[in-house]
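Shown next, in structure tokens, is the structure this report addresses.
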Amino acid sequence: MAMNVDPDNADEDAVMSEINTTPLVDIMLVLLIIFLITSPVVLKLQKINLPSEANQALKTKPEDVNIVVNKNGEMYWNQTRLKDTNALFKFLKVEAVKVPQPEVHVRGDQDVRYEFIGKVINTTQRAGIQKVGFITEPPDKGS
């Protein structure tokens, strides 16, 4: 196929090299309208209750058991040093039979080896304690 270009009519017969985007824009607008109409219908099919974020400060009760593990792995029960997990087990066995059963709060130094915290948790499980929690410092408000 040959094209005859007359020098007198150069502007009228020039080949147009641009893409016509009008049909593409029309299709996209139709799709947008369809999605805007159908999306509320789809979203209302499933009713769920999303959890709300709430950070409540823990109120320590006098009957709660506080166990402190320092960075050397030494255990303390309310400022009394325990020599090993057997001594801890004896104290926890007495607390486990109380009604209601007190909570055990473990305060571990951030540099303590996991082994020592694991021994405390294992001992609380053996004694039959149901609620064990870890006490940490709250993060700074700035970060």
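Sequence-ordered 3J(HN,Hα) estimates for region 15-27 from the Karplus curve with 6.51, -1.76 and 1.60 and θ = phi - 60° stand at 6, 8, 9, 9, 8, 7, 9, 4, x, 5, 5, 4, 5 Hz, glycine and proline given as x. Sequentially through region 118-127, phi angles give Karplus couplings (6.51, -1.76, 1.60; θ = phi - 60°) of x, 5, 5, 5, 4, 5, 5, 5, 4, 6 Hz, Gly and Pro residues having no value and appearing as x. Distances between placed amide hydrogens fall under 5 Å for G108 paired with V69, I135, all partners being 5 or more residues away or on another chain. Taking all protein chains together and rolling a 1.4 Å probe, M28 ends up with roughly 110 Å² accessible. Between N70 and D111, the modelled labels are 1.2 nm apart [label points 7 Å from Cα along Cα→Cβ].
Summarising the label geometry, the points placed 7 Å from Cα in the beta-carbon direction at V97 and V132 lie 2.1 nm from one another.
The values are calculated or read from the model by the stated rules, or taken from the named source; none is laboratory data. What you are looking at is a predicted structure, and each value in this text was computed from that prediction instead of being measured. For neighbour counting, all protein chains shown are included, and Cβ atoms are generated from backbone atoms with ideal geometry for every residue, glycine included. Keep in mind that these areas ignore ligands, DNA and RNA; they rest on the heavy atoms of the full protein, side chains included. Shrake-Rupley method; radii C 1.70, N 1.55, O 1.52, S 1.80 Å.
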